[in-house]
2 protein chains.
Amino acid sequence: MKGKDIILGLLKTRGPLTGYEINEILQDQLNHFYVGSYGMIYPTLKKLENSGFVKKEKVSQDDKPNKNVFSILSLGEKEFNKSLYKPLQDDEFKSDFLIKIYFGNQFSKSEFINLIKNEIRIKKENLRLLEDNLEKWKNNGMNDNHKFTYDYGIIYYGSIIRFLENKLKQAENI
Amino acid sequence: MKGKDIILGLLKTRGPLTGYEINEILQDQLNHFYVGSYGMIYPTLKKLENSGFVKKEKVSQDDKPNKNVFSILSLGEKEFNKSLYKPLQDDEFKSDFLIKIYFGNQFSKSEFINLIKNEIRIKKENLRLLEDNLEKWKNNGMNDNHKFTYDYGIIYYGSIIRFLENKLKQAENI
DNA sequence: CAACGCATGTAACCGGTTACATGATTTC
DNA sequence: GAAATCATGTAACCGGTTACATGCGTTG
């Protein structure tokens, strides 16, 4: 599933949305397993419109700038359903941290330790951001499946932080 | 760190290598945190050669096809060191499985359960492949830092498999 | 009047992937 | 003589990212 399928899925399951709102959902809820940005969202919405998958409606607002609201069309629903039944792709994981660890003998002891400390800091920050979004998410229509993806993130970050803290102790005692 | 930095790092830390050998190392050792392929390796080696980072040497073999052996040059070592000290990039994780789970209310109960079973199968297979490589890796110069990245993979797969098995039970009991 | 939140977009680039194409040598 | 292993490469494409560019309306 690509960016276009996620956008179609959001429009299908949550109703009409603006590019701005799609971005908010991606950042608040899907960020730990799919990274999106405006640079993906707006060009994709344009392509989806040109393909007849979604339609755009201009909405004037008094208290805020005007906006473009996108709704999914039946052709778009078909396309989304198709994507759901495509064979499951293996996860893509790329870790700059692990690449650097792999070449860790190029570092001094203190550099190596700082590398791990830094990664722990980042992962703890990731975990905190995810946890902070929980209340917001609950008030914004969180279902059991959303909770599944949330729990996955919590377990993943927790396991990795524990692992890294062990490795840090080992590295410090050498 | 990009593909080019990994190739430079391998040439620096393991000595001269062919594209074929680089691919073997990527598949056997780095595959769980960096996915590479010939389509990346050969064009990258060409660019590295054109930039003066590596040099190519043709080697004739009697028992096997001839090959091109690449060695790192001092300019390449500089480039690699530079990449090691660039700010740590956040991991990139993209999960087709979690995207489908996020939209899980589009599935029937049995489809949903099969989706989880399928992912467990894939993750167990990933884990097994990693474990199977351990002996081979040990006999091929595995250091403590390599072991670090191996352990990371084991912990990650183990945690996720346990998590998914719990969720599977829950899904079956609804 | 600055900072922030809301809102939309594009052009150039990138770091690859995918599919294809080829061929030697050895083992079964 | 088929399959496996060793070995190298390219052309077309892709799914984005990065950096830039703009502007309204509200809040402090």
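Figures for the structure shown
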{"item": "Condition check for B:PHE93: closer than 30 Å to B:ARG121 by Cα and touching a Gly at 6+ places or on another chain (Cβ under 7 Å)", "result": "no"}
{"item": "First in the stretch A:53-77 and farther than 15 Å from A:LEU10 by Cα, second anywhere and near DNA strand C (Cβ under 8 Å from one of its atoms) and open to solvent by 90 Å² or more (accessible area, probe 1.4 Å), Cβ under 6 Å, 6 or more apart", "result": "A:SER60/A:ASN66"}
{"item": "Check on B:LYS78, open to solvent by 80 Å² or more (accessible area, probe 1.4 Å) and within 14 Å of another protein chain (Cβ to nearest Cβ)", "result": "yes"}
{"item": "Candidates B:GLU49, B:GLU135, filtered to the one that is free of Cβ contacts under 8 Å to residues at least 40 places away in the same chain and not assigned by TED's automatic domain parsing to the domain that holds B:THR13", "result": "B:GLU135"}
{"item": "Pair list, Cβ < 9 Å and 6+ apart or interchain, from the stretch B:152-170 residues that are in contact (Cβ under 8 Å) with a residue 12 or more places away in the chain to residues that are open to solvent by 60 Å² or more (accessible area, probe 1.4 Å) and of a type in the set (A, V, I, L, M, F, W, C)", "result": "B:ILE160/A:ILE155"}
{"item": "Complete set of residues in the stretch B:12-30 that are closer than 19 Å to B:LYS138 by Cα and in contact (Cβ under 8 Å) with a residue 60 or more places away in the chain", "result": "B:ARG14, B:ASP28, B:GLN29, B:LEU30"}
{"item": "Any hit, the stretch A:7-14, residues being assigned to a loop (DSSP other than H, G, I, E, B), closer than 25 Å to A:ASP90 by Cβ and more than 11 Å from chain B (Cβ to nearest Cβ)", "result": "no"}
{"item": "Any chance B:LYS55 is of a type in the set (Lys, Arg), over 24 Å from the mean Cα position of the chain (by Cα) and either away from DNA strand D (no atom under 12 Å from the Cβ) or modelled with pLDDT of 95 or more (or both)", "result": "yes"}
{"item": "All positions within the stretch A:53-65 that are touching a Gly at 6+ places or on another chain (Cβ under 8 Å) and open to solvent by 30 Å² or more (accessible area, probe 1.4 Å)", "result": "A:PHE53"}
{"item": "In the stretch A:94-114, the residues that are without any contact (Cβ under 8 Å) to a residue 24 or more places away in the chain and more than 7 Å from chain B (Cβ to nearest Cβ)", "result": "A:PHE107, A:SER108, A:SER110, A:GLU111, A:ASN114"}
{"item": "Enumeration of residues in the stretch A:135-174 that are open to solvent by 30 Å² or more (accessible area, probe 1.4 Å), assigned to a helix (DSSP H, G or I), away from chain B (no Cβ under 11 Å) and closer than 30 Å to B:ASN105 by Cα", "result": "A:GLU135, A:LYS136, A:LYS138"}
{"item": "In the stretch A:97-118, the residues that are open to solvent by 10 Å² or more (accessible area, probe 1.4 Å) and of a type in the set (D, E, K, R)", "result": "A:LYS109, A:GLU111, A:LYS117"}
{"item": "Looking only at the stretch B:24-51, and only at residues there that are open to solvent by less than 20 Å² (accessible area, probe 1.4 Å) and within 21 Å of B:LYS64 (Cα to Cα), the one that is nearest to DNA strand D (Cβ to nearest atom)", "result": "B:ILE41"}
{"item": "Only one of A:ASP28, A:ASP90, A:ASP63 that is more than 25 Å from the chain's Cα centre (by Cα) and not assigned by TED's automatic domain parsing to the domain that holds A:TYR150", "result": "A:ASP63"}
{"item": "Qualifying residue in the stretch B:35-58 (condition: facing chain A (nearest Cβ under 9 Å) and assigned to a loop (DSSP other than H, G, I, E, B))", "result": "yes"}
{"item": "Output for the stretch B:23-34, where each listed residue is part of a helix (DSSP H, G or I) and within 12 Å of DNA strand C (Cβ to nearest atom)", "result": "B:ASN23, B:LEU26, B:GLN27, B:LEU30"}
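The values are calculated or read from the model by the stated rules, or taken from the named source; none is laboratory data. Please read all numbers here as calculations on a predicted model, not as lab measurements. Virtual Cβ from ideal backbone geometry, glycine too; neighbours counted across all protein chains shown. Surface accessibility is based on the protein's heavy atoms, side chains included, excluding ligands, DNA and RNA. Shrake-Rupley method; radii C 1.70, N 1.55, O 1.52, S 1.80 Å.
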